[in-house]
Amino acid sequence: MKRDLFFITATLLILTSCTSNSVLKYPEGIDHVIVIGVDGMSPDGIRKAKTPTMDSMIANGAIKWNVRTVLTSASSQNWASMIMGAGPEQHGITDNDWERDNHTLPPIVAGEEGIFPSIFGILREQRPNAEIGAVYNWSGFGRLFEKKAVNYDKTFSTEDSTAADFIQYIQTKKPTFGFVHFDHVDHAGHEYGHGTPEYYAAVSKTDSLVHQILNAIKSAGIDQHTLVIITADHGGVGTGHGGATIEEAEIAMILYGKDIKKGYKIQQQVYTYDLAATIAFAFHLTPPYAWIGRPIKPAFEGFDEPANLWKGKEIIAAPIILPAKKLYKQAGGLYFNEPATVTIKPAAAHDIIHYTLNGGTPDSSSPVYKEPFTVDSTTVVQAIAYDDKGNASLVKSAYYRIVKPDANTGLTVSFFKGKGWKQLPVFGELTPAKKWSSYEFNIDEAQLTGLKEKDNPTFALLYDGYIKIDTPGEYRFFTQSDDGSKLYIDGKKVVDNDGDHGVKEAAGNIRLDTGMHPIKAEYFNAAGGYWLDVFYKGPGIPKQIVSANKLFKHK
């Protein structure tokens, strides 16, 4: 009798366990998934722009603020990774020049159209009767998914026309899966710069379009069974992106609607290629083995964070050192014949800020910032914030250059016109259109007024002078430039940062004796935004901008 009772009890426990697991295997009742992809929309954009619709979705849905992109943080490889559930190493789309018939790295596995399997193709394969559509502002998105997998495929030149067509598609076809792509935020980032009023205005415009799309979902009568996901491909710094910085390589992802938890902050680490796996999870699809993405299960009701989730230390928001960094211009500044006032603000009211001057990386044992202070010589200020849980921010730096200039301080700059350059020109074959003086290696927008040709963004600059070295030893020089640059000292090439690219840093070493050394920087802009900074570090000198008090023109 006891034996029979044992087997009955055990059987009931097993059945209960199986039933429980089957209920929690997938979310239930999601018949439609709508993805709103916004090119270049950063978490900072959502936080600081007026976005009442997205704010409401976050309050009534799930959010992951720090979704990591693939590298480089550019469009093609990230949109591809999102819909293909894998990274460039798997799908082979490594840059914006990729084309189906012109690429260097083939996909690790390909379907009949010769591309890595995307969520479009997987959904079509496993649900042959599904209504699938894509409407996109950037025409390049259309080459990333299987054309035979979609019922509807349209591209439009503006965000408004894209939204209008997508809204009509939702109302008339009630798609199983619909993907809309907007490009205007990225345009604002490139033209005006990330974090500018114009950039935030573009994010606010996105919010209004999202509002219209949500209304369309509701008017189509499918809102009670629809999952809406808002995502982006990358953020940005200054007027560009592509680098490996938090500002460029982290995005936000919002999940809202059917079966999504309300007001939930996702703890699971999320990567851009997890989007496709999450859509497959919502639709109960079997993802291909070649995908590496994982569904964001804890965003859904009835699902917990992974049992083996390793959180480590949280990275909190960094302090702001004033004058703050603006676009590519570093925090700090150039001061003539006067000291600089250093003010540091915490990102959160109760954070404790520690700082150092001229060298050491700050930590919890460094001096605590309490009030503004002044520096009367060239100084590198570094600051870190800690919250009440011991979590730390990234270290932020500011470069204060205190200079007492004379007529010989600075560099001579020569301007050259060009066209179609993809790398630095041979300057010896060119005649400068104009010359002026610059205190440091930077690009003065005012000096370029009237020099750049209309509808031709290409030009070059040559910086020439001397650098004063006070302590002999090994020095490391860096150029941060958009586009290409090279740096020469004593006639030797020290840094090679040539090519058509966004802001990128390259470095090189040289041993220098005490005294004056000829220094020359070559720079060119191919198209779009432009920037140049030159840094160095050496014996007793932390990495910093090469200051005007160390640069001198030829006599």
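The values are calculated or read from the model by the stated rules, or taken from the named source; none is laboratory data. Remember, it's a predicted structure, so these values are computed and weren't measured experimentally. Every residue, glycine as well, gets a Cβ built from its backbone with ideal geometry; the counts of neighbours run over all protein chains shown.
Do the conditions hold for H181, that is, is it buried (at least 17 other Cβ atoms within 10 Å of the Cβ), touching a residue at least 60 places away in the same chain (Cβ under 8 Å) and over 30 Å from D31 (Cβ atoms)? Taking the combined requirement at face value, the residue does not satisfy it. Mind listing just one residue for me: the one in region 406-455 that is of a type in the set (D, E) and within 24 Å of L334 (Cβ to Cβ) and, of those, surrounded by the most Cβ atoms within 10 Å (Cβ to Cβ)? Residue satisfying both the conditions and the ranking: E440. Please work out if P175 is crowded, with 20+ Cβ neighbours inside 10 Å and either outside the structural domain of A86 (by TED's automatic domain parsing) or assigned to a loop (DSSP other than H, G, I, E, B) (or both). Considered against the rule, which asks whether it is crowded, with 20+ Cβ neighbours inside 10 Å and either outside the structural domain of A86 (by TED's automatic domain parsing) or assigned to a loop (DSSP other than H, G, I, E, B) (or both), P175 comes out as yes. Could you say whether any residue in region 239-249 is more than 17 Å from the chain's Cα centre (by Cα), surrounded by fewer than 22 Cβ atoms within 10 Å (Cβ to Cβ) and small (G, A, S)? No, because not a single residue in region 239-249 is more than 17 Å from the chain's Cα centre (by Cα), surrounded by fewer than 22 Cβ atoms within 10 Å (Cβ to Cβ) and small (G, A, S). If the condition is being closer than 24 Å to T239 by Cβ, crowded, with 21+ Cβ neighbours inside 10 Å and without any contact (Cβ under 8 Å) to a residue 40 or more places away in the chain, then region 463-496 contributes only V495. Among the strands (runs of 3 or more DSSP E) contained in region 383-455, which hold 3 or more residues that are over 30 Å from P346 (Cβ atoms) and either hydrophobic (A, V, I, L, M, F, W, C) or without any contact (Cβ under 8 Å) to a residue 24 or more places away in the chain (or both)? Because the criterion is at least 3 residues that are over 30 Å from P346 (Cβ atoms) and either hydrophobic (A, V, I, L, M, F, W, C) or without any contact (Cβ under 8 Å) to a residue 24 or more places away in the chain (or both), the strands (runs of 3 or more DSSP E) in region 383-455 that meet it are 411-417, 434-438. Only one entry of E112, E146, E191 meets the criterion of being surrounded by 15 or more Cβ atoms within 10 Å (Cβ to Cβ) and among the acidic types (D, E), and that entry is E146. Within region 499-552, restricting attention to residues that are at pLDDT 95 or above and among the charged types (D, E, K, R), which residue is nearest to I402 (Cα to Cα)? Of everything passing the filter in region 499-552, K550 is nearest to I402 (Cα to Cα). Every condition in (1) under 26 Å from Q267 (Cα atoms); (2) buried (at least 23 other Cβ atoms within 10 Å of the Cβ) holds for A202 except the one numbered (1).
Looking at region 252-267, can you tell me whether even one residue there is in a helix (DSSP H, G or I) and at negative phi? No, that holds for no residue. Looking only at region 27-68, residues that are under 21 Å from H234 (Cβ atoms), part of a helix (DSSP H, G or I) and out of contact with any strand residue (DSSP E or B) (no Cβ under 7 Å at 6 or more places or on another chain) come to 4 in all. Checking each residue in region 326-354 for being without any contact (Cβ under 8 Å) to a residue 60 or more places away in the chain, part of a loop (DSSP other than H, G, I, E, B) and crowded, with 17+ Cβ neighbours inside 10 Å picks out P346, D351.
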